[in-house]
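Report on the following structure.
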Amino acid sequence: MSEFYKDNSDDDHVLVLQDVYKIYKLGQSEVIALDNVNLNVDKGDFISVMGPSGSGKTTLLNIMGALDLPTKGKVFINNLDLEKLDDSQLTKLRRNEIGFVFQFFNLIPVLTCFENIELPLIISGMKKNERVKRVNDILEKVGLNRHREHKPNELSGGQQQRVAIARALVNKPSIVLADELTGDLDSHTGEIIMDYLETLNRSEHQTIVVVTHDIKVAKRTNQIYQIEDGTFISKLKT
């Protein structure tokens, strides 16, 4: 069993991957995308997972975010065994407990900054007055209040990424998963985004997992895990 495994008895574990395999069938052959991965993510952790293209990073992110289930092994989010949840329960879990931040932002171009951030709250059924307060609060935190009526094409790349981060946070999720969040930004803007995540982690005790190929990004986190051929091969920083 991997050195990255700890038992699941501690309620501080927001996310646990236990002996996780993901195997894809291609005709008569099999591709092992994840190979016996074990990992605990605790409340307030700020970690990164590094690896080259094809190492299993995206598959791992999908498993962490309950977008996919493992072929073998167990995944727990807030002590819930994902294998025991039906589709509607998994959808609710993703909506309420996981905040996704994507490399290419995935903002809706016809919606304003405010409306893009508000959308998850509408989907979750929150009343309008509470939605407005929640969005206003987070716009202030990410420094975008004066851009509230701007649409994505009227914002810089860094501003768009902050909108994407705000949208991921607005439901107050247990964990934020960021996929190459600075990959489409210039280095200066990327540093600003990482500054914000560091502040968020310290001040809000927000749990954050960053999946990246960039060592400069990874070094800004508190722990670095390196993945290769679907397996954690080293823990580079503690």
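The values are calculated or read from the model by the stated rules, or taken from the named source; none is laboratory data. All values reported here derive from a predicted model rather than from experimental measurement. In this analysis, Cβ positions are derived from the backbone assuming ideal geometry, glycine residues included, and neighbour counts consider all displayed protein chains.
Of everything listed in (1) more than 20 Å from the chain's Cα centre (by Cα); (2) surrounded by 21 or more Cβ atoms within 10 Å (Cβ to Cβ), the single unmet condition for residue 167 is (1). Checking residue 96 against (1) closer than 19 Å to residue 170 by Cα; (2) modelled with pLDDT of 95 or more: exactly one of these is not met. Which one? That leaves (2) as the condition not met. Only a single criterion out of (1) within 30 Å of residue 127 (Cβ to Cβ); (2) surrounded by fewer than 17 Cβ atoms within 10 Å (Cβ to Cβ) is not satisfied by residue 191, namely (1). Scanning the stretch 27-80 for residues being of a type in the set (Val, Ile, Thr), more than 15 Å from residue 175 (Cα to Cα) and free of Cβ contacts under 8 Å to residues at least 60 places away in the same chain gives a total of 2.
Of all residues in the stretch 172-186, those that are closer than 22 Å to residue 93 by Cα and in contact (Cβ under 8 Å) with a residue 24 or more places away in the chain have Cβ atoms under 7 Å from Cβ atoms of residues that are in a loop (DSSP other than H, G, I, E, B) and polar (S, T, N, Q), 6 or more apart or on another chain, in 174/78; 176/206; 179/103. Might you let me know whether the stretch 6-14 holds any residue that is modelled with pLDDT under 95 and closer than 20 Å to residue 236 by Cα? For the stretch 6-14, residues modelled with pLDDT under 95 and closer than 20 Å to residue 236 by Cα: present.
Looking only at the stretch 61-77, decide whether some residue is of a type in the set (S, T, N, Q) and closer than 28 Å to residue 123 by Cα.
Going through the stretch 61-77, the residues of a type in the set (S, T, N, Q) turn out to be 62, 71.
Now restrict to residues that are closer than 28 Å to residue 123 by Cα: 62.
Scanning the stretch 61-77 turns up at least one residue that is of a type in the set (S, T, N, Q) and closer than 28 Å to residue 123 by Cα.
Just to be sure, is residue 53 modelled with pLDDT under 95, touching a strand residue (DSSP E or B) at 6+ places or on another chain (Cβ under 8 Å) and either among the small types (Gly, Ala, Ser) or closer than 20 Å to residue 218 by Cβ (or both)? The answer is no for residue 53.
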